[in-house]
């Protein structure tokens, strides 16, 4: 009998699954469960946000007000024993209000470095589209290189470093849409969505007397998050699964409804997210199902659709879904 090429390739690419792997997997599951104590009925969203965290990426939450975007970010911050900072984006916010600045001290006759709120492990960029593109761009270097440069001096950020940005895509008054370069810095873009009736009833009842967020305790250390990030990068990716992921990315560049397809950074983001999903499922190898689950959140916000009577804005997710359904799955 001939060897199955998928199994053979998987065996060569499979990452380590030792006692440490399973210990960290249990720690991740405990983190998901803790956040879900507050965010009811949205385990898939919670899991994907935390997958982005352990994949060393950042998250953009796009949805209407009141569905729990800010609460989700706060729940994650309180579940991890680490530093947390919230930046409320407004039209008059300046780049130095985010990154920090050098301040002159007349008493000492010298300049001192005063770090901004970006110097935290978990940063909530609330309503990021309410500030000017100039201020939005202050996050570019921080999100990509984990450092900020002020007055020709570079200042490294804390590790781990995780940005959760929120915005309401349906509100246009007083907003500045994120440029494509800024969107490309987010590993995944997600919509929390409205809860079902049972989950909403439970949420309301849980908050009759107090908010569950008030009693949330840390269940994991910042050092463990760093270990999770290192372990995720060792999750194996078979050659044909990698080719399958790259086929999907390449298809966005040749699709007749797409003006600008996904970049090579998107290819890296897709594979890294797949590694995170595999780890979250307790596996040390990536499967084609992981690629299909990651493709929408990773690629939809990175492509620019054509405008015209035959192309409707906002169908990026449908384009990605169509590409996935038209590609042969390696089995």
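Tabulated results
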quantity	calculated
Helix 316-326 vs. the chain, principal-axis angle (Cα, 0 to 90°, nearest 10)	20 degrees
Average projected area [Cα convex hull, the chain], square nanometres	21.4 nm²
Share antiparallel - DSSP beta bridges, the chain, percent rounded to 5	40 percent
Square roots of 5 times each gyration tensor eigenvalue, C-alpha, segment 188-312, largest first, Å	33, 25, 12
Normalised contact order of segment 180-320, rounded percent, pairs of Cα under 8 Å and 6 or more residues apart	29 percent
Order of 36, 274 - criterion: other Cβ atoms within 10 Å of each residue's Cβ, fewest first	36, 274
Segment 140-252: Rg to Rh, with Rh as the Kirkwood radius over Cα pairs	1.04
Exposure proxy ranking, count of Cβ atoms within 10 Å, fewest first, for 104, 285, 84	104, 84, 285
Isotropically averaged projected area of segment 233-296, using the convex hull of Cα atoms (one quarter of hull area), nm²	4.1 nm²
Percent of C-alpha pairs per 10 Å bin, segment 40-219, short to long	9, 35, 33, 17, 5, 1, 0
For segment 130-164 versus segment 65-110, the gap between their alpha-carbon centres in whole angstrom	11 Å
Residues 299, 140, 208 arranged by fewest to most Cβ contacts within 10 Å	208, 140, 299
C-alpha long axis of helix 288-299 to longest principal axis of the chain, angle in °	40 degrees
Mean projection area, nm², convex hull over Cα of segment 39-118	7.9 nm²
Alpha carbon Rg of segment 250-331, scaled by the compact-globule rule 2.2 N^0.38 Å	1.15
For segment 227-264 versus segment 188-217, the gap between their alpha-carbon centres in whole angstrom	33 Å
Radius of gyration and maximum dimension Dmax of segment 50-90, Cα, Å	11.2, 29
Nearest-ten-degree value, helix 264-280 long axis tilted from longest Cα axis of the chain	80 degrees
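Just so you know, all these numbers are worked out from the coordinates, no wet-lab data involved. Worth saying up front: this structure is predicted, and the values here are computed from it rather than measured. All Cβ positions, even for glycine, are placed from backbone atoms using ideal geometry, and neighbour counts span all protein chains on display.
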